[in-house]
Amino acid sequence: MSNFNPHKRIAELEIQNQELLAENKRLRDMLGLSEEVTIQKEAATLLLNFAEEESLETSSINKYSLPEEKIKLFMSLFRGRTDVYAKRCYSKKHNSFYYIPACKNEWTKGLCDRPRVKCKDCKHRELLPVTFEVI
């Protein structure tokens, strides 16, 4: 049985929240931003995102929906980095799967020197962003 104590966890999160609020204030002061204006912008952004998510969730997306609607729903549910995505590869040597960032120059003659040079060390690495087409 686990020793998880929700009251202790809430207290820890409240402390962390206070620390983050203090850091936000310090950074706003460094940038010369008004706290009220910044908070209003953040609240407006959150409300806009929430409204967009609500409209997607309440709309009836089914197997007859357009692919664009399905992709938009998928992208709203699974968020993360949009500047890069991973590709699944298979290693015959180790008989297992692994992931690498998708690269525009992968296996391009004269640019990609795989498998001699690892992707992370490649000077010609050009990572691909997540797009509707990729999804």
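The values are calculated or read from the model by the stated rules, or taken from the named source; none is laboratory data. No experiment lies behind these values; they were computed from the predicted model shown. Positions of Cβ are backbone-derived with ideal geometry, glycine not excepted, and every protein chain shown enters the neighbour counts.
Which condition breaks for Lys8 when tested against (1) more than 26 Å from the chain's Cα centre (by Cα); (2) modelled with pLDDT under 85?
Here Lys8 meets the rest and fails (2).
Could you tell me whether Asp113 is without any contact (Cβ under 8 Å) to a residue 24 or more places away in the chain, acidic (Asp, Glu) and exposed (fewer than 10 other Cβ atoms within 10 Å of the Cβ)?
When the stated conditions are applied, Asp113 does not pass them.
Within the range 84-115, can you find the residues that are of a type in the set (Val, Ile, Thr) and either in a loop (DSSP other than H, G, I, E, B) or touching a Pro at 6+ places or on another chain (Cβ under 9 Å) (or both)?
Passing the criteria: Val84, Thr108.
Has the range 90-103 got any residue that is loosely packed, with under 11 Cβ neighbours inside 10 Å, under 21 Å from the mean Cα position of the chain (by Cα) and within 22 Å of Met75 (Cα to Cα)?
yes
From the list Asn105, Asn95, which residue is in contact with a His (Cβ under 8 Å, 6 or more places away or on another chain), assigned by TED's automatic domain parsing to the domain that holds Leu128 and more than 16 Å from Phe132 (Cα to Cα)?
Answer to the selection: Asn105.
Mind telling me which of the residues Leu66, Leu20, Leu27, Leu73 ends up being out of contact with any strand residue (DSSP E or B) (no Cβ under 8 Å at 6 or more places or on another chain), surrounded by 12 or more Cβ atoms within 10 Å (Cβ to Cβ), at pLDDT 80 or above and more than 30 Å from Cys119 (Cα to Cα)?
Going through Leu66, Leu20, Leu27, Leu73 in turn, the sole match is Leu73.
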